[in-house]
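Beneath this line is the structure, given in structure tokens, with notes to follow.
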Amino acid sequence: ATGLEREFPFGVNLLASYAHADWCPQGDGVVVTGYVDGPVVLRVNVKDASIARLSVNSRRTLCTANADEIIYVTQQSQGAIVRRSLTSGRETTLFEGEVRGLARSMDGTRLAFVTQQPNGRDYRLVTMPAAGGELSAPLMTSGTFQAGPRPLPRMGEIAWVPKGERL
């Protein structure tokens, strides 16, 4: 509306496939994942241009509808989706298992991600409440392709349509 442009000096590499940015639903902040000797997560306040480095180790981090919380994927061998309060540091595990392509609905109420099927070979696209809870039935399934020593899912990045009712 004002035409004002700003540049934020993150000081992290944002050029690789693990770089990611997520606007907070209220529009006052951005959570950015980059790389400096490992994954780095930053919270940017776009009103005052302040940048805070968050104490999480993740390659995928999302802002929640409540700007005081983030949702991130852990770097553990099996992985997990964790919800963390930025004020108290309290963490709640929402899902345990391999996670790829985590996305938050526009209203902040749902998460979508790709995870391995119980058979250990194929992958499925599922949703769940952003506060935690039951997974949906698989919305789509996918086989794998070989990338080095490990099979990877044929689906990866996902996004919600603007109204948030579909992926």
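The values are calculated or read from the model by the stated rules, or taken from the named source; none is laboratory data. Source: prediction; values computed, not measured. Quick reminder, even Gly has a Cβ in these numbers, built from the backbone with ideal geometry, and neighbours come from all protein chains shown. We work out accessible area using only protein heavy atoms, side chains counted, and drop any ligands, DNA or RNA first. Shrake-Rupley method; radii C 1.70, N 1.55, O 1.52, S 1.80 Å.
Thr61 falls short on exactly one of the conditions (1) surrounded by fewer than 20 Cβ atoms within 10 Å (Cβ to Cβ); (2) in contact with a His (Cβ under 8 Å, 6 or more places away or on another chain); (3) among the β-branched types (Val, Ile, Thr), and that condition is (1). Look at Asn119 and say whether it is under 15 Å from the mean Cα position of the chain (by Cα) and in a loop (DSSP other than H, G, I, E, B). No, not satisfied.
With respect to being surrounded by 14 or more Cβ atoms within 10 Å (Cβ to Cβ), within 24 Å of Pro162 (Cβ to Cβ) and touching a residue at least 12 places away in the same chain (Cβ under 8 Å), Thr109 fits the description.
Within the range 112-132, if we keep just the residues that are touching a residue at least 12 places away in the same chain (Cβ under 8 Å) and small (Gly, Ala, Ser), the residue that is most open to solvent (accessible area, probe 1.4 Å) turns out to be Ala131.
The selection criterion, being open to solvent by less than 70 Å² (accessible area, probe 1.4 Å), among the small types (Gly, Ala, Ser), under 17 Å from the mean Cα position of the chain (by Cα) and over 20 Å from Gly108 (Cβ atoms), holds for Gly38.
Assessment of the range 136-154 against the conditions (under 30 Å from Asp28 (Cα atoms), assigned to a loop (DSSP other than H, G, I, E, B) and of a type in the set (A, V, I, L, M)) yields no matching residue. What about Ala137, is it surrounded by 14 or more Cβ atoms within 10 Å (Cβ to Cβ), within 22 Å of Ile71 (Cβ to Cβ), out of contact with any helix residue (DSSP H, G or I) (no Cβ under 8 Å at 6 or more places or on another chain) and at pLDDT 80 or above? So Ala137 fails the test.
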